[in-house]
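Could you have a look at this structure, given as structure tokens, before my questions?
The values are calculated or read from the model by the stated rules, or taken from the named source; none is laboratory data. Model, not experiment: these values are computed from the prediction. Please note: Cβ atoms are built from the backbone with ideal geometry, for glycine as well, and neighbour counts cover all protein chains shown.
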Amino acid sequence: MTDRSTGQSPDKTRIGHELFRLFRPFLPMSLFSTVMGVVAGLTTAWLLATINDGLHAPDGITGKTVVTFVVLCAVTLAGNAISGVGNSVIGQKIIAALRKDISARIVCAPIAEVERYRVHRLLATLNSDVDTVSAVTFNFPGFMVAVAIALGCVVYMLVLSPLLFLFALAAILIGLGINHYASLRWDFHYQGVRGAQDDLQKQYRAITEGAKELRLNRARRQRVYGEQLSGAADLISELKSRAMRLYYAANAMGSMLFFVVIGLILLLQSSLGVDSRAVSGFVIVLLYIRGPIEMIAGGLPTLIQARVSFQRIAELTSQFRNQEPRLIDGPAPGEPAFPSMQTLALKKATHVFPAVGDSTQFQLGPVDLEIRRGETLFIVGENGCGKTTLIKTLLSLYNPGDGELLVDGKPVPAERLDDFRQQFSAVFSDYHLFDDLVASDPQTLAHAQAYLEQLGLAHKVSIVDRAFSTIDLSAGQRKRLALVHAYLENRPWMVLDEWAADQDPTFRRYFYQEMLPDFKRQGKTLIVISHDDRYFGLADRVVRLHQGRIVEEADGSTFAYEPNVDAPVSAPVE
């Protein structure tokens with residue numbers, strides 16, 4: 001299968017390695033469950049043989065036969081139960097491990113790769129693909145027991161009559177051939193289904209996140225719903241229908257083969273010279289084995305869907321294989337704290353966004369920039385010039401390419417990058433607003449309440465059980481709540497990406513004239529992306545970007561600034 005974003009196929013060896021890595025912790029329990037399933041299958045065949053012997057016993061049913069029957073029933077029941085429960089437990093543990101593993105890979109993956117993979121594809125993998133693999137874990141125990149029973153019955157038929165077994169073997173081979181052809185077609189159709197599910201997830205996001213825009217634009221609404229969403233849904237329906245038609249046709253032909261074999265055995269028993277005991281044994285086994293065989297055949301579509309889903313999961317894990325160390329585990333015990341930074345610098349740093357489709361490549365840099373502790377730096381420039389890319393590179397969220405990220409003139413070691421980032425709090429333009437607070441001490445929670453009042457949010461938001469009572473607010477209020485998070489982190493460096501863009505004029509003035517100076521008095525280093533040129537004079541330094549390069553650096557005092565006489569001296573109240 002090919003990754004549409006990269007044009008590369010997942011390495012089958014890597015897929016096998018991922019599967020083995022997931023199964024390895026559970027191999028002893030899995031082996032024990034499998035052995036018990038095989039025992040159940042063999043005792044089932046023995047049980048059928050006992051029944052057949054009882055039917056042909058000249059002296060009727062003996063006490064020994066009854067004891068054997070009871071013991072075999074008990075062993076079969078215990079084997080099936082232990083195998084089923086064991087495989088169910090293993091399956092659920094593997095699914096839990098898979099969910100945590102995928103999430104950990106996303107958490108530890110380079111930010112640029114996560115952004116490039118696209119949210120709708122990540123959600124489809126985390127939801128649809130993991131759920132599909134999870135569904136297999138519910139069916140897998142019964143599937144394995146059915147396989148064990150079928151193998152036991154095959155062994156019994158071979159022992160009972162090698163000649164009649166050839167008829168059964170021919171039917172089995174024909175059935176396998178039919179199912180192999182059907183499975184190839186199922187796989188082809190389910191590959192298409194999985195691609196369409198990505199598109200469907202994308203359209204689900206469009207109709208929920210773009211509901212207002214769709215309500216105002218009939219043509220777009222009809223295109224999104226009538227063409228894109230409905231088209232993806234219809235394609236999934238058509239491909240699944242084709243796959244299931246193949247499944248039921250193959251299943252019907254498989255069932256027919258059993259009765260054809262039974263008919264041939266009954267018809268040819270005299271000419272083949274096979275005794276009645278062997279014939280009745282074959283008939284009993286063939287009638288009994290039909291159930292397990294149908295269970296196996298019924299599980300094939302689910303297994304194929306799971307294989308396709310696991311290929312997608314393997315694609316994701318392969319895409320995110322460049323993991324940053326220690327993001328999940330945290331710092332090593334006894335590791336010294338990250339030193340207080342006096343300067344932060346980029347030296348010949350670059351970051352490239354490759355061309356996708358009809359878009360052109362964009363490159364930040366090479367950038368040379370040094371920021372001193374305690375200063376207020378404004379980064380300005382037209383939309384799309386690379387301001388956000390620059391701050392992500394400064395925060396080591398993006399790799400600086402062939403350049404360097406320097407703290408006090410020295411490169412930051414890879415194993416200390418996470419410690420380095422803990423010096424910063426940030427509110428990005430595309431921020432995510434968390435409703436819970438990481439801090440739990442009473443002093444911090446008291447500061448949070450005070451800051452809610454300062455930002456004019458206390459009448460709408462309170463703190464309950466270390467969480468905000470609501471985040472269902474206007475865009476400007478949500479961004480103020482995000483600033484509460486940044487304030488409570490109490491980091492020495494603060495990054496604010498167009499924070500004032502969603503604020504009304506009163507709060508914008510308050511942000512520039514009251515909040516930023518207050519942060520500076522607290523000793524914080526401020527990196528602010530801004531389009532508000534009337535406030536550039538409040539910065540210690542202004543850096544202007546154009547098409548990914550720094551084209552101007554100027555002292556903030558060179559920009560004209562006259563404080564607004566009407567500016568509030570305290571927080572505005574909504």
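Quick check, is Gln323 polar (S, T, N, Q) and either within 30 Å of Asp53 (Cβ to Cβ) or surrounded by fewer than 20 Cβ atoms within 10 Å (Cβ to Cβ) (or both)?
The answer is yes for Gln323.
Among the candidates Ser340, Ser429, Ser425, which residue alone is under 25 Å from Val484 (Cα atoms), under 25 Å from the mean Cα position of the chain (by Cα) and hydroxyl-bearing (Ser, Thr, Tyr)?
When all the criteria are applied, what remains is Ser429.
Okay, moving on. Provide a single number: the residues in the range 395-431 that are of a type in the set (A, V, I, L, M, F, W, C) and either part of a loop (DSSP other than H, G, I, E, B) or within 18 Å of Glu335 (Cβ to Cβ) (or both).
8
Being more than 24 Å from Gln443 (Cβ to Cβ) and either of a type in the set (Asp, Glu) or crowded, with 21+ Cβ neighbours inside 10 Å (or both) is the filter here, so list the residues in the range 478-498 that pass it.
Correct list: Lys479, Val495, Leu496, Asp497, Glu498.
Name the residues in the range 389-406 that are of a type in the set (Val, Ile, Thr) and either surrounded by fewer than 18 Cβ atoms within 10 Å (Cβ to Cβ) or touching a His at 6+ places or on another chain (Cβ under 8 Å) (or both), would you?
Within the range 389-406, Thr389, Thr393 meet the criteria.
Then there's this: Leu235 versus (1) in a helix (DSSP H, G or I); (2) under 30 Å from Phe165 (Cα atoms); (3) among the aliphatic types (A, V, I, L, M): which is the lone unmet condition?
Here Leu235 clears every test but (2).
Anything in the range 43-68 that is under 15 Å from Phe282 (Cβ atoms) and in contact with a Leu (Cβ under 9 Å, 6 or more places away or on another chain)? List them, or say none.
Within the range 43-68, Ala45, Ala49, Asn52 meet the criteria.
Of Val85, Val67, Val154, which residue is surrounded by 17 or more Cβ atoms within 10 Å (Cβ to Cβ) and not assigned by TED's automatic domain parsing to the domain that holds Pro400?
Val154
Would you point out which residue out of Glu375, Glu370 is of a type in the set (D, E, K, R) and free of Cβ contacts under 8 Å to residues at least 60 places away in the same chain?
Selected residue: Glu370, the only one of Glu375, Glu370 that is of a type in the set (D, E, K, R) and free of Cβ contacts under 8 Å to residues at least 60 places away in the same chain.
Which of the helices (runs of 4 or more DSSP H) contained wholly in the range 53-125 include at least 3 residues that are more than 35 Å from the chain's Cα centre (by Cα) and not hydroxyl-bearing (Ser, Thr, Tyr)?
63-108
Which one of Arg312, Arg321 is in a loop (DSSP other than H, G, I, E, B) and under 20 Å from Val130 (Cβ atoms)?
That would be Arg321, the only listed residue that is in a loop (DSSP other than H, G, I, E, B) and under 20 Å from Val130 (Cβ atoms).
Could you list, in sequence order, all residues of the range 107-129 that are aliphatic (A, V, I, L, M) and surrounded by 20 or more Cβ atoms within 10 Å (Cβ to Cβ)?
Ala109, Ala124
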